[in-house]
Amino acid sequence: MSKQTVIFILLLIALVLSAPLWYNSSEEDPLKPKQTGKTHETVFLTTPKGDEKATYVSNSHPQNVIFMIGDGMGLSQITAGSIAKQDGLALEKFRHIGLIKTYSTKLITDSAAGATAMATGSKTYNGAISMNVKQQNLKTILEYAEEDGWVSGVVTTATVTHATPACFYGHQPERRKVNRKLAAQFIAQDIEVLMGGGWTYFKDGPDGRDLIEEAQEKEYFVTNNIEQVGDYRPDKMLCLISPQLPPKVKERGNFLPLATKKSIEILDHPKAGFFLMVEGAQIDWRGHENKSSLLIEEMLDFDKAIAEALAFAEKDGNTLVIVTADHETGGYSINGGNKKTGEVKGKFTSDYHTATMVPVFAYGPGAESFTGVYDNTEIFFKLKHLMQVDKKNIQ
Ligand SMILES: [Zn+2]
């Protein structure tokens, strides 16, 4: 066999052996995410009835989570805000959207059971503050985060002891007439930021305690005016803007977006992740009052807070922002209006909550976990998995 033939055969063999190298690189789809281990998995959760239920969740892990609740904010409330704003809501920038079922032990939930479901993963009775049907405490996602070394905060346009905010730090069998008890439960926790109304419940009370004083002893910077704080960045802040229920947005001014921005500033630590809950509470109150134009004002105010959270997350790149509702209020629908002028003619079918599913908007690492139709309790299990705050149960 001639020398040339031998060389030719050797070249042929080398060519065949190296084919996979040059064939794959040219064919691979550049957009296809790099397969670095499992990107998604199914997390099993045990329902109150004890049966297993799977929830879809991705394997990306955000450093920070901003969880935003528009109380009573259904799709019509969002649409009305979008028509009125005309140049688009911040909410319209979210790409990952899902729908949740909001029922409690009743078809129509209240805010206490709705927030308990999302904060603890358990269905409970209307009126319960992060307690189960046997009136046992249910550990909240915020408590898991604190225990795992995260810093945390709660911001609301209601009193800070109102049902929704209280479900993240407190535990009570009944939501009424427990403001003082909840204020004391807050002081017993180690949450860095609390902003909203209700300083009456922290002042010196029948139990002989002055919870404002105790907060100052625990090194909270205490104020009743967010605008006064300016660039000051305390480690811990208690901002109580009204004696009891805060006023409507017209009187309240820019409190909610400012409080959201300041909370992020305070909680954004290089060494610890943060969990922040922000509630736009008065969308619900205007729904109960069947006041369409005032409802839209509260929706636009909440959207400004969403814009603050999104602006931070876009810059930070490691923050998951979730925007959802505990239920829809008023059976609100849009029956007329004018897209050019932003006028909205809204109608109501009820002065209470409804059972209509509500949307979930997600942005950031893990956002894809919140698409699809699922139960409000699954939000807790998705967050717990994404935040990896339940060390004991991490596979
Ligand atoms: Zn309500």
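Do we have Ile241 as within 16 Å of the ligand (Cβ to nearest atom), closer than 26 Å to Ala183 by Cα and at pLDDT 95 or above here?
Working: within 16 Å of the ligand (Cβ to nearest atom): no; closer than 26 Å to Ala183 by Cα: yes; at pLDDT 95 or above: yes.
No; evaluated as a whole, the condition is false for this residue.
State the number of residues belonging to the range 244-259 that are in contact with a strand residue (DSSP E or B) (Cβ under 7 Å, 6 or more places away or on another chain) and open to solvent by 30 Å² or more (accessible area, probe 1.4 Å).
So the count comes out to 2.
Between residues in the range 349-378 that are at positive phi and residues that are polar (S, T, N, Q) and open to solvent by less than 10 Å² (accessible area, probe 1.4 Å), which pairs lie under 7 Å by C-beta distance while being six or more apart or on different chains?
Sorted first by the residue in the range 349-378, then by its partner, the pairs are Gly364/Thr319; Gly366/Ser58.
If Glu343 meets every condition in (1) touching a Gly at 6+ places or on another chain (Cβ under 7 Å); (2) acidic (Asp, Glu); (3) buried (at least 24 other Cβ atoms within 10 Å of the Cβ) apart from one, which number is that one?
(3)
Being out of contact with any Cys (no Cβ under 8 Å at 6 or more places or on another chain) and at pLDDT 95 or above narrows it down to one of Thr159, Thr116, Thr140, so name that one.
Values: Thr116 fails: out of contact with any Cys (no Cβ under 8 Å at 6 or more places or on another chain); Thr140 fails: out of contact with any Cys (no Cβ under 8 Å at 6 or more places or on another chain).
The match here is Thr159.
Does the range 235-245 hold any residues that are part of a loop (DSSP other than H, G, I, E, B) and under 30 Å from Glu147 (Cβ atoms), and which are they? Give the steps one after another, and end with the answer.
Going residue by residue through the range 235-245, those that are part of a loop (DSSP other than H, G, I, E, B) are 235-236, 241-245.
Residues satisfying the conditions are Asp235, Lys236, Ile241.
If we scan the range 362-371, do we find a residue that is open to solvent by 30 Å² or more (accessible area, probe 1.4 Å) and more than 30 Å from Asp316 (Cα to Cα)? Full working, then the answer.
Keep residues of the range 362-371 that are open to solvent by 30 Å² or more (accessible area, probe 1.4 Å), which gives 363, 368, 371.
Narrowing further to those that are more than 30 Å from Asp316 (Cα to Cα): none.
So far as the range 362-371 goes, no, none of its residues is open to solvent by 30 Å² or more (accessible area, probe 1.4 Å) and more than 30 Å from Asp316 (Cα to Cα).
Filter the range 62-102 down to the residues that are outside any strand (DSSP E or B), more than 16 Å from the ligand (Cβ to nearest atom) and aliphatic (A, V, I, L, M) and list them by number. Before the answer, list the steps.
Let us first name the residues in the range 62-102 that are outside any strand (DSSP E or B), namely 62-63, 71, 73-95, 102.
So of that shortlist, the ones also more than 16 Å from the ligand (Cβ to nearest atom) come out as 62-63, 75, 78-95.
Correct list: Leu75, Ile78, Ala80, Ile83, Ala84, Leu89, Ala90, Leu91.
How do the pairs read when you match residues in the range 81-98 that are open to solvent by less than 20 Å² (accessible area, probe 1.4 Å) and of a type outside the set (Val, Ile, Thr) with residues anywhere that are at pLDDT 95 or above and assigned to a loop (DSSP other than H, G, I, E, B), using Cβ under 7 Å and keeping only pairs 6 or more apart or on different chains?
Going by the 7 Å Cβ cut-off, the qualifying pairs are Gly81/Leu89.
Select, from Lys262, Lys315, the only residue that is of a type in the set (D, E, K, R) and open to solvent by 50 Å² or more (accessible area, probe 1.4 Å).
Values: Lys262 fails: open to solvent by 50 Å² or more (accessible area, probe 1.4 Å).
So the residue among Lys262, Lys315 that is of a type in the set (D, E, K, R) and open to solvent by 50 Å² or more (accessible area, probe 1.4 Å) is Lys315.
For the subset of the range 204-241 comprising residues that are open to solvent by 10 Å² or more (accessible area, probe 1.4 Å) and touching a residue at least 40 places away in the same chain (Cβ under 8 Å), which member is nearest to Thr159 (Cα to Cα)?
Checking each candidate, the answer is Ile241.
The values are calculated or read from the model by the stated rules, or taken from the named source; none is laboratory data. As the structure is a computational prediction, the values presented were derived from the model and not from experiment. Positions of Cβ are generated from backbone atoms using ideal geometry, with glycine treated the same way; all protein chains shown enter the neighbour counts. Keep in mind that these areas ignore ligands, DNA and RNA; they rest on the heavy atoms of the full protein, side chains included. Shrake-Rupley method; radii C 1.70, N 1.55, O 1.52, S 1.80 Å.
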